[in-house]
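Novice: Next up is a structure, given as structure tokens.
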Amino acid sequence: MSFDITQWIVRIPVLLFAITIHEYAHGWVAYRLGDPTAKNMGRLSFNPITHIDPLGAICLFLLNFGWAKPVPIDMRYFRNIRRDAILVSLAGPAANFCVALLAGIVIRLIYFPSQLYQMTLVYLLIMNLGLGLFNLIPLPPLDGSHILENLLSPSAAMKFNRFKRYGPFILIGVIMLDNFAHTGIFNMVLVHPMKYLAYLFSGINF
């Protein structure tokens with residue numbers, strides 16, 4: 001029981017940190033590209049409460065995959081809308097991968113005989129990889145959908161845009177099927193790449 005309690009004591013702050021870094025990166029890149037919307041609305045912040053989406057947080061804690069409240073973006077500020085939208089969308093996953101890489105380097109180079117220390121680093125590695133990879137799935141409302149939409153031709157993007165309203169329902173349905181019907185969809189799409197990157201970054205065979 002104490003191990004489970006320790007696990008959650010570490011897991012919750014790491015999840016909040018991963019979400020905060022992810023959303024802050026979106027807002028920061030948008031701000032650097034000329035869009036002050038997130039900053040003006042108080043979303044360019046390291047306070048995790050400003051970024052929590054209730055449904056996404058529940059899925060994240062219970063099912064290990066979820067999302068945060070999207071940072072508000074006004075693309076009218078961008079000089080090159082399609083390019084800048086892709087950069088903003090990539091910023092969140094990229095921030096998570098950077099944190100995971102840093103955690104992996106620390107795991108490789110700095111050993112400390114503390115269960116709490118080791119667990120924190122492993123969770124930083126795994127959860128940031130998971131959040132980054134999950135958000136690259138091209139289903140709304142995830143970042144991958146915005147990347148795909150802006151890579152498509154205008155006519156294809158319009159068709160994809162009509163599909164966006166169904167994205168969250170499809171996403172939740174796949175998550176539920178994977179967790180309760182054991183379809184293995186996320187195992188194929190996310191877990192194997194996550195294990196590979198975790199080993200690449202840290203040298204630990206998961």
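The values are calculated or read from the model by the stated rules, or taken from the named source; none is laboratory data. Quick caveat, the model's predicted, so the values are computed rather than measured. Note: ideal-geometry Cβ built from the backbone for every residue, glycine included; neighbour counts use all protein chains shown.
Novice: Could we say that ARG43 is touching a His at 6+ places or on another chain (Cβ under 9 Å), charged (D, E, K, R) and either part of a loop (DSSP other than H, G, I, E, B) or modelled with pLDDT under 95 (or both) here?
Specialist: So ARG43 fits the description; yes.
Novice: Any residue in the stretch 156-167 that's farther than 15 Å from HIS146 by Cβ: show its pairings with residues that are surrounded by 12 or more Cβ atoms within 10 Å (Cβ to Cβ) and at pLDDT below 85 at Cβ separation under 6 Å, as long as the two are six or more apart or on different chains.
Specialist: Sorted first by the residue in the stretch 156-167, then by its partner, the list stays empty.
Novice: Among the residues that make up the stretch 117-130, is at least one of them in contact with a Phe, Trp or Tyr (Cβ under 7 Å, 6 or more places away or on another chain) and surrounded by fewer than 21 Cβ atoms within 10 Å (Cβ to Cβ)?
Specialist: Checked the stretch 117-130: no residue is in contact with a Phe, Trp or Tyr (Cβ under 7 Å, 6 or more places away or on another chain) and surrounded by fewer than 21 Cβ atoms within 10 Å (Cβ to Cβ).
Novice: Right, here's the next one. If you go through the stretch 1-40 one residue at a time, how many are closer than 17 Å to ALA85 by Cβ and either assigned to a helix (DSSP H, G or I) or free of Cβ contacts under 8 Å to residues at least 24 places away in the same chain (or both)?
Specialist: The initial filter retains those residues of the stretch 1-40 that are closer than 17 Å to ALA85 by Cβ, namely 22-23, 25-38.
Now restrict to residues that are either assigned to a helix (DSSP H, G or I) or free of Cβ contacts under 8 Å to residues at least 24 places away in the same chain (or both): 22-23, 25-32, 37-38.
The total comes to 12.
Novice: Taking the stretch 98-116 as the region of interest, how many residues are surrounded by fewer than 18 Cβ atoms within 10 Å (Cβ to Cβ) and under 17 Å from the mean Cα position of the chain (by Cα)?
Specialist: 3
Novice: If you take the residues of the stretch 187-206 that are more than 20 Å from ALA94 (Cα to Cα) and either in contact (Cβ under 8 Å) with a residue 40 or more places away in the chain or among the charged types (D, E, K, R) (or both), which of them is surrounded by the fewest Cβ atoms within 10 Å (Cβ to Cβ)?
Specialist: GLY203
Novice: In the stretch 71-80, is there at least one residue being loosely packed, with under 14 Cβ neighbours inside 10 Å, in contact (Cβ under 8 Å) with a residue 24 or more places away in the chain, more than 24 Å from PHE206 (Cα to Cα) and touching a Pro at 6+ places or on another chain (Cβ under 9 Å)?
Specialist: yes
Novice: A further question follows. Sort through ASN128, ASN179 and tell me the only one that's closer than 27 Å to SER202 by Cβ, in a helix (DSSP H, G or I) and more than 14 Å from the chain's Cα centre (by Cα).
Specialist: ASN179 is the lone residue from the list that is closer than 27 Å to SER202 by Cβ, in a helix (DSSP H, G or I) and more than 14 Å from the chain's Cα centre (by Cα).
Novice: For THR20, which of the numbered conditions (1) farther than 28 Å from MET176 by Cβ; (2) buried (at least 19 other Cβ atoms within 10 Å of the Cβ) fails to hold?
Specialist: Checking THR20 against (1) farther than 28 Å from MET176 by Cβ; (2) buried (at least 19 other Cβ atoms within 10 Å of the Cβ), the one that fails is (1).
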